[in-house]
1. Go through (1) in a loop (DSSP other than H, G, I, E, B); (2) over 30 Å from E396 (Cα atoms); (3) at pLDDT below 95 and name the single condition V259 misses.
2. Here are the criteria: (1) surrounded by 15 or more Cβ atoms within 10 Å (Cβ to Cβ); (2) out of contact with any strand residue (DSSP E or B) (no Cβ under 9 Å at 6 or more places or on another chain). Tell me which single one C372 does not satisfy.
3. Of everything in the range 96-129, what is crowded, with 18+ Cβ neighbours inside 10 Å and among the acidic types (D, E)? Give them in sequence order.
4. Would you confirm whether or not the range 99-106 contains a residue that is among the aromatic types (F, W, Y) and within 27 Å of S4 (Cα to Cα)?
5. Considering only the range 225-256, state which residues are of a type outside the set (A, V, I, L, M, F, W, C) and in a strand (DSSP E or B).
6. Answer with yes or no whether S326 is in contact with an Asp or Glu (Cβ under 6 Å, 6 or more places away or on another chain) and either of a type in the set (K, R) or modelled with pLDDT of 95 or more (or both).
7. Sort out for me the strands (runs of 3 or more DSSP E) sitting completely within the range 1-108 that have 1 or more residues that are under 24 Å from S209 (Cβ atoms).
Amino acid sequence: MANSEQINPIEYGAVGDAKTVCTHAIQESIDRCAAVGGGIVCLPRGRYVTGTLFLKSGVTLDLEEDCILLGSTDLSHYRRAVPKTFRSYTDIYTEKSLIYAESEHDVAITGQGTIDGQGQEFSGPYLKRPYGIRFVTCTDVRVENVTLRNSAMWMQHYLACDRVTIRGIKVWNHSNINNDMIDIDGCHDVLITGCIGDSSDDGITIKSSCDRSCENVTVANCTVASHCSAIKCGTESNGGFKNIYITDCIVVPSKQRHVINGCHQGWAGLALEIVDGGTLDNVTADNITIDGSVAPIFMRLGDRGRPVGPDRSRPAIGSMRNIFLSNIKATGGNSLGCVIAGLEGNEIENVTMRDLDFSFKGGGTRQDITRCFTELPNDYPESVMFTKRVIGPIAEGDLEPDTFRLRGETCSMGRLPAYGLFFWHVKNVSLENISLSTLTPDERPAVIFEDAVGAVIDGQGADGHSKDLSKDILFVANNGI
């Protein structure tokens, strides 16, 4: 940072009374700080209401302890902020954000204070609900230690940014639909570490809604809860994913009982998805603890084929390869099971699973093994996609067991043919020291390979109500095993 200037927005008229709109005072502080080459805008204790703030190069917005930055509940206080040159599918999601930066460098949000978007006060379609934080084509970004709450949409969106560090933040996002925790979108060289989050929609989400790949991303030492997928690559995948490393993370049940979308358990602990073209290559997840997710892992290579924009052609089917999962312990799994599903002629390739210990609810029947599923290549990917059944419209109140909410409907989950791992259209899968068990007896095999080429199993056992894994695998229409 070129300058150590410190500015207090109170000097420019900010009032922390939770009523006075302080947008102008805070923005003037940011602008003056940037004009002298950068520095820190220090917001002291108090409750400051604001509309859109534009963060500038070299400026750190620092929120002191007991400082709460409140997003205005008046949509007119949010200025239109659409990327000037960089295009992505998210252009249709929003044109308003509480804190926005584009093509800036050395920007940061820090401190022990809180940013509260008051998202529960907004309703309607995407464009009527502001994001919390949105940085586009920025470099050297830091967000550290702050608490983020109640966005009307995604809490944070980092689009086509380089060198992003998100460290030690706490996120609570259960005030509206589309309430993701973090979205890293087409970014390079990203570190997310020491974060705690609980979200209505996806948690730590790595995506590529643009032509730019998301690569060199490390997620470490985070604790995540989600009603959907806790840690996820996808759903948007146009630019693809490369060199993703997830380590020393914990997935826990959400503390929020009321479910807007998904289910209290969360659909998946770890989800890897390519459905809009692009290539997923070299993803490692190691030393992960998952408690309570319906499916500990979910992988999907599909063909939704959504283009980056309306003027772009439909992308070809993408690819998924070189995935390494190790030292993952999962308890409290549902009776659904985990699916790793490609498409016929477009297999998920080169998957190694080593030292996994998964426990499931059990209760499956022989009938579940022979149940037929369609491939659903165009469907939105989620762990329950092949077994879900619509029950009716969403009703208020807590969900019944084995049900979830999805886009205005209440659905039941069903069961996959295997109680543990169901591989469908895969190539070169290696299972090493895998333990799969159920809390109650289950008549399904622990593992099923259907349309698989090159499966390698070391035969190390399962326990509980399972048999030895080498004797509890079913191969269906396989070649080259």
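1. (2)
2. The single condition C372 does not satisfy is (1).
3. Result: E102, E104, D106, D116.
4. Here is the first cut: in the range 99-106, the ones among the aromatic types (F, W, Y) are 100.
Next, from what is left, pick out any that are within 27 Å of S4 (Cα to Cα): 100.
Looking for residues that are among the aromatic types (F, W, Y) and within 27 Å of S4 (Cα to Cα), one finds at least one in the range 99-106, hence yes.
5. Filtering the range 225-256 down to residues of a type outside the set (A, V, I, L, M, F, W, C) leaves 226-227, 229, 232, 234-240, 242-243, 245, 247-248, 253-256.
Hits for the range 225-256 are S226, S229, K232, G234, T235, E236, S237, K242, N243, Y245, T247, D248.
6. Numbers: in contact with an Asp or Glu (Cβ under 6 Å, 6 or more places away or on another chain): yes; either of a type in the set (K, R) or modelled with pLDDT of 95 or more (or both): yes.
Answer is yes for this residue.
7. Numbers: elements: 5-7, 17-21, 39-43, 46-50, 59-63, 67-71, 97-102.
Per the criteria, 67-71, 97-102.
Each row is one residue, and each column tells you yes or no for (1) under 14 Å from A446 (Cα atoms); (2) part of a strand (DSSP E or B); (3) in contact (Cβ under 8 Å) with a residue 12 or more places away in the chain.
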{"site": "S335", "(1), (2), (3)": "yes, no, yes"}
{"site": "N350", "(1), (2), (3)": "no, yes, yes"}
{"site": "R354", "(1), (2), (3)": "no, yes, yes"}
{"site": "D357", "(1), (2), (3)": "yes, yes, yes"}
{"site": "D368", "(1), (2), (3)": "yes, no, yes"}
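The values are calculated or read from the model by the stated rules, or taken from the named source; none is laboratory data. Given the structure is predicted, the values throughout are model-derived calculations rather than measurements. Note: ideal-geometry Cβ built from the backbone for every residue, glycine included; neighbour counts use all protein chains shown.
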